[in-house]
Amino acid sequence: MTTIHAPTGAASNTPWKNAPTHTINAGGVEFAYRQLGPNTGVPVVFLTHLAAVLDNWDPRVVDGIAARRRVIAFDNRGVGGSSGATPTTIEQMASDAVTFIRALGFDQVDLFGLSMGGMIAQVIAQQEPRLVRKMILAGTGPAGGEGIDNVTRITYLDTARGLLTRQDPKQFLFFTRTPNGRAAGKEFLARLEERTNDRDKAISVGSFRAQLKAIHRWGQQKPADLGSIYQPVLVLNGESDKMVPTKNTLDLDRRLPNSQLVVYPDAGHGGVFQFHADFVKRALEFL
């Protein structure tokens, strides 16, 4: 792992599977991150889902967006290669993300938040509106959203199911059980194995539980006023998301003043991974 204290200098044509891992100290935390794509313009900061480390991002999505935009992905505090204790609130995770972004020297970014990352993105847009130019929110929902407080139960059930069938739980949590969904899940999981060197450390059980607690709290909060989020937002999901029920995506689109909605057919929580080619095209057009 390389330690640097500023964004790298030259544009990078390096694919995600070979992108070097850097660290930067911010707010007493050593954040692990990877950066690729052009070294100019407003960067797209990727905010990860529950239990995710850097190696859980789909290489097709990262490389697709990095073909035209600078992409920065990082490990949340206490997760993967980042130091510190994992927060038990979405609000603290958002504060950490802002600390990380500012440490890299950026005063404006685009955000791509998936699932838990989409919750974090909403808080950043509300608390630091000048920092955010545009947002992509995938497989996520608003505070107090219907069924979000069931994420813990569903995650544990499908993790057990994965153990019993010797499959990755993401096959059940992210994809439908139709032939298309099963095939897409297998292809996605194979793509996650493309990186063979300098792989990230898996999340610890303690950090995983802290994140579940944060999502549970988010699901039990009073609905926030999303009318204050004036930035353009692209909202996406699969039509059959069992982790963050798709009605939450529709609710976000209804309540955000400046949003576009995409719902993928025969897809679940990982709809943007299943339809990665379409998603990358739409994301680049939107950004």
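No lab work stands behind these numbers, since they all come straight from the coordinates. Here the structure is a predicted model, which means the values were calculated and not measured. Ideal geometry is used to build each Cβ from the backbone, glycine not excepted, and the neighbour counts take in all protein chains shown.
Here are the numbers:
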| read-out | value |
| --- | --- |
| Shape category assigned to the range 205-285 from the gyration tensor of Cα positions, a/c cut at 1.5 | oblate |
| Inter-label distance for residue 42 and residue 196, nm, one decimal - labels placed 7 Å from Cα along Cα-to-Cβ | 4.0 nm |
| At 0.890 mPa s and 25 °C, Stokes D of the range 48-96 from Kirkwood alpha-carbon radius, µm² per second | 204 µm²/s |
| Cα-based equivalent ellipsoid of the range 2-286: semi-axis lengths in Å, sorted from largest, via gyration tensor | 25, 22, 20 |
| Protection proxy ranking, peptides 265-277, 195-207, average beta carbon neighbours within 10 Å, highest first | 265-277, 195-207 |
| Nearest-0.05 FRET efficiency for residue 130 and residue 83, computed from C-beta distance (R0 22 Å) | 0.20 |
| Computed magnitude of the charge dipole of the chain (debye, nearest 20; Cβ of K, R +1, Cβ of D, E -1) | 200 debye |
| Computed [θ] at 222 nm, deg cm²/dmol, the chain (DSSP H ≥ 4; -39,500 (n - 2.57); rounded to nearest 500) | -11000 deg cm²/dmol |
| The chain: antiparallel DSSP beta bridges as a percent of all, rounded to 5 | 30 percent |
| Per-pair calculated FRET efficiency, R0 = 45 Å: residue 189 and residue 286 via Cβ, rounded to 0.05 | 0.95 |
| Förster radius 35 Å - calculated FRET efficiency between residue 167 and residue 221 (Cβ-Cβ, nearest 0.05) | 0.60 |
| Full-stretch length increase - residue 156, residue 102 - with 0.36 nm per residue and alpha-carbon distance subtracted | 15.9 nm |
| Gaussian network model of the chain, Cα within-10 Å springs - most flexible of 231, 167, 35 | 167 |
